[in-house]
């Protein structure tokens, strides 16, 4: 029953991305043949203006722009600049404070990792093996010397068997 209802809906209506789901009108369709606007310091002159659809006031200002710029006030010049560009170089160079968020995130992750390591040392890992103790290492070295292991270039070549001490 559900499948037949879905099939009837699909056959009755054309599926399109330009029509909104609840019938509120036509959705905005971008023209992807045009390049997108972006503010970059290394490429300051973009291919398109920041404002693509001008209001009536902006259109009259654009007409006034074609005449002498001496007749324009500083506010009008600023409005013309904002039609063409979104940010100035000073605004692009302004610090955003994002480093604080990144640094806080890094510190959080380091702290979380520390808690995981502490939990693992407490509950996952066992006691340190006996072979890591200094006593065991000394006995193992003595055994290797008694067996005269690697007498040419190894540990036995560095031991003076007559004086029972290490050679210099």
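Descriptive notes on the structure:
- Any hit, region 107-127, residues being within 30 Å of residue 50 (Cβ to Cβ) and modelled with pLDDT of 90 or more: no
- Candidates in region 57-75 are the residues that are exposed (fewer than 10 other Cβ atoms within 10 Å of the Cβ) and touching a helix residue (DSSP H, G or I) at 6+ places or on another chain (Cβ under 9 Å); of these, the one that is modelled with the highest pLDDT is 57.
- Of all residues making up region 76-105, the number that are in contact (Cβ under 8 Å) with a residue 24 or more places away in the chain and surrounded by 10 or more Cβ atoms within 10 Å (Cβ to Cβ): 8
- Among the conditions (1) in a loop (DSSP other than H, G, I, E, B); (2) free of Cβ contacts under 8 Å to residues at least 40 places away in the same chain, the only one that residue 131 does not satisfy is (1).
- Check on residue 73, farther than 28 Å from residue 31 by Cα and in the same structural domain as residue 32 (by TED's automatic domain parsing): yes
The values are calculated or read from the model by the stated rules, or taken from the named source; none is laboratory data. Since the structure is predicted, the reported quantities are computational estimates derived from the model, not experimental observations. Note that each Cβ is placed from the backbone with ideal geometry, even for glycine, and that neighbours are counted across all protein chains shown.
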